[in-house]
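Before any comments, here is the structure.
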Amino acid sequence: MLVCPRCRVGVPSIVPLIRRRRTQFAFRGVLALADFDVREAADGYSALRAIEQWRPSAIMLDLGLPGISGQVVLQELASQALTRNIPVIVVTGQLAESMEGAACLRRKPVSPDRLVNTVRACITAGGAAEPG
């Protein structure tokens with residue numbers, strides 16, 4: 001198994017997959033300031049390949065990704081043995097019919113404090129944080 005060559009030992013890592021680059025940049029900054037090791041991929045397709053190698057502590061996923069939908073990414077992560085136990089935090093402005101495979105949900109817009117608290121709670125519990 002390949003591991004993330006630049007990941008810091010003992011620091012939770014996260015891969016944010018957010019539709020808008022400006023929002024992803026802001027989330028990356030907030031999470032880095034909260035001492036997360038933030039790993040990024042260019043799009044959903046490359047993220048699926050990279051996540052199997054990096055094995056992050058969590059994945060932040062926007063359902064409205066271009067190219068491949070966030071719902072498809074969520075289903076693919078849930079179906080693979082190497083990725084199904086990685087908590088997925090869905091951060092979206094969309095209403096979704098099914099969140100199966102998501103450990104936590106946070107509706108946009110989201111404040112920096114709520115974002116960090118949701119990610120921490122989701123990684124710690126591996127389960128649901130309050131919706132909103």
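Structure above, values below:
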read-out: Conditions (1) at pLDDT 90 or above; (2) over 13 Å from the mean Cα position of the chain (by Cα); number of the one not met by Ser98; value: (1)
read-out: Neighbours by Cβ (under 7 Å, 6+ apart or cross-chain): first from the range 52-75, on the phi < 0 side of the Ramachandran plot; second of a type in the set (Ser, Thr, Tyr) and surrounded by fewer than 16 Cβ atoms within 10 Å (Cβ to Cβ); value: Leu63/Ser69; Ile68/Tyr45
read-out: Residue, surrounded by the most Cβ atoms within 10 Å (Cβ to Cβ), within the range 34-46, restricted to residues that are closer than 22 Å to Arg107 by Cβ and modelled with pLDDT of 85 or more; value: Phe36
read-out: Qualifying positions in the range 63-77 - over 15 Å from Ile51 (Cα atoms) and crowded, with 18+ Cβ neighbours inside 10 Å; value: Leu63, Leu65, Gln71
read-out: Residues of the range 27-45 that turn out to be under 15 Å from Asp62 (Cα atoms) and free of Cβ contacts under 8 Å to residues at least 60 places away in the same chain, as a count; value: 7
read-out: All positions within the range 47-76 that are acidic (Asp, Glu) and either at pLDDT 90 or above or in contact with a strand residue (DSSP E or B) (Cβ under 9 Å, 6 or more places away or on another chain) (or both); value: Asp62, Glu76
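The values are calculated or read from the model by the stated rules, or taken from the named source; none is laboratory data. These numbers were taken from a predicted model, which means no experiment stands behind them. We place every Cβ from the backbone using ideal geometry, glycine too, and count neighbours over all the protein chains shown.
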